[in-house]
2 protein chains.
Amino acid sequence: MSSNTREKILKVGARAVHKKGFNGTGIQEILTAAGVPKGSFYFYFDSKEDFGLQLVDYYSDTIFARAGKILEDESMKPLDRLRKYFVGFFDIYEKNNFAYGCPIGNLSLEMADINKKFQEKLSRVFKRLKTVVTGCLDQARAEGDLPENIDPGDMADFFISSWEGALLQMKATKDPNLGKVFDRFMFEGLLAKRQ
Amino acid sequence: MSSNTREKILKVGARAVHKKGFNGTGIQEILTAAGVPKGSFYFYFDSKEDFGLQLVDYYSDTIFARAGKILEDESMKPLDRLRKYFVGFFDIYEKNNFAYGCPIGNLSLEMADINKKFQEKLSRVFKRLKTVVTGCLDQARAEGDLPENIDPGDMADFFISSWEGALLQMKATKDPNLGKVFDRFMFEGLLAKRQ
């Protein structure tokens with residue numbers, strides 16, 4: 001079996017779990033959609049739980065690939081990078097009628113209470129994202145673009161959780177205003193330097 | 001059958017779904033925990049979906065009972081009410097090791113993409129909460145306690161979604177800092193009147 005089989009299962013599974021949640025997705029439907037026999041699944045994954053945990057890595061790789069490209073792009077000012085990465089996502093999200101959202105946020109709500117391995121793995125993804133966002137804010141501070149009273153680590157926490165919350169609420173309300181007010185209160189409010 | 005049976009099923013179901021999600025909870029386990037025969041379930045609920053939709057009303061009744069008591073308590077200043085209701089919840093949440101969170105947020109992520117009836121019902125809960133929070137902010141404005149540049153409806157949107165996001169992220173990271181920074185950036189940042 002080629003390692004492409006593992007990739008194919010993860011790719012098809014990622015789409016299904018992103019849409020229907022981990023508990024709402026059956027192994028069999030993933031295998032059928034991927035055109036892969038059941039034996040292959042258990043060759044690569046010990047159990048559905050193991051598959052789910054590897055899925056967190058799969059999502060996380062995708063997220064940090066995009067994050068790295070934008071949030072570490074030195075040709076832009078640090079706050080412009082943050083705005084492009086996070087606020088830019090709201091536009092993509094609106095085009096999909098606010099479906100799916102952040103797979104890490106989804107799995108956190110679904111799995112963190114009932115499975116400690118998921119909780120710990122998801123927590124590490126948030127901590128890594130916090131590190132990247134804090135790095136951007138540190139750089140903004142070094143360039144004199146951050147208000148004095150803002151602690152970069154605390155702002156990274158608030159920034160990420162508020163963004164997750166906007167995605168969550170838009171999934172229910174389909175109201176693009178939630179993305180617009182995130183943008184405005186963050187970048188024209190808290191992160192704007194007062195003259 | 002007494003209408004207490006319906007209440008009992010909803011109460012036991014609410015706890016289970018709050019913890020394990022709607023798809024992760026089986027009807028049979030609710031009935032066993034409630035000590036109710038299967039026939040009773042289908043006397044009160046047409047289907048699991050119907051049960052879930054009635055559960056949204058059940059959660060919503062609990063939420064707005066607490067919200068009404070605090071957010072419409074005229075003995076406190078409007079912004080103090082908001083702080084007591086939303087930030088106060090983080091303390092309760094921390095005592096439970098950040099488990100469960102907001103049932104409306106949880107069901108939004110789990111169900112909004114896959115079931116339009118859930119999505120519409122959950123959207124109405126968020127809109128009702130926005131109305132209550134906007135009312136508080138309108139009153140703060142009338143009393144001269146809101147910064148001039150803050151639109152109450154937009155702030156209500158940002159406030160609720162950021163709060164949902166903090167709960168979500170704390171579920172994974174178990175980090176109380178997310179609640180503290182929500183409090184600080186909201187009440188000492190955006191909502192504070194500059195002298």
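Values in this text are rule-based calculations from the coordinates and carry no lab data. Being a predicted model, the structure only gives us computed values, none of them experimental. For neighbour counting, all protein chains shown are included, and Cβ atoms are generated from backbone atoms with ideal geometry for every residue, glycine included.
Of all residues in the range B:73-103, those satisfying the criterion of being assigned to a loop (DSSP other than H, G, I, E, B), surrounded by 14 or more Cβ atoms within 10 Å (Cβ to Cβ) and under 17 Å from the mean Cα position of the chain (by Cα) are B:PHE98, B:ALA99, B:TYR100, B:GLY101, B:CYS102. Among the residues of the range A:162-180, write down those that are free of Cβ contacts under 8 Å to residues at least 12 places away in the same chain and assigned to a loop (DSSP other than H, G, I, E, B). Residue satisfying the conditions is A:ASP175 alone.
If you take the residues in the range A:145-161 that are assigned to a loop (DSSP other than H, G, I, E, B) and among the aliphatic types (A, V, I, L, M), which one is nearest to the other protein chains (Cβ to nearest Cβ)? By that ranking, first place goes to A:ILE150. Can you spot a residue in the range A:121-144 that is part of a loop (DSSP other than H, G, I, E, B) and on the phi < 0 side of the Ramachandran plot? Yes, the range A:121-144 contains at least one residue that is part of a loop (DSSP other than H, G, I, E, B) and on the phi < 0 side of the Ramachandran plot. In the range A:130-143, is there at least one residue being at the interface with chain B (Cβ under 9 Å from one of its Cβ atoms) and within 22 Å of A:GLY88 (Cα to Cα)? Within the range A:130-143, one or more residues are at the interface with chain B (Cβ under 9 Å from one of its Cβ atoms) and within 22 Å of A:GLY88 (Cα to Cα).
Here the range B:110-129 is the region considered, the condition is being touching a residue at least 24 places away in the same chain (Cβ under 8 Å) and farther than 16 Å from B:ASP61 by Cβ, and the residue that is farthest from the other protein chains (Cβ to nearest Cβ) is B:LYS117.
Among the residues of the range B:181-195, those that are facing chain A (nearest Cβ under 8 Å) and either touching a residue at least 40 places away in the same chain (Cβ under 8 Å) or within 20 Å of the chain's Cα centre (by Cα) (or both) comprise B:VAL181, B:PHE182, B:LEU190.
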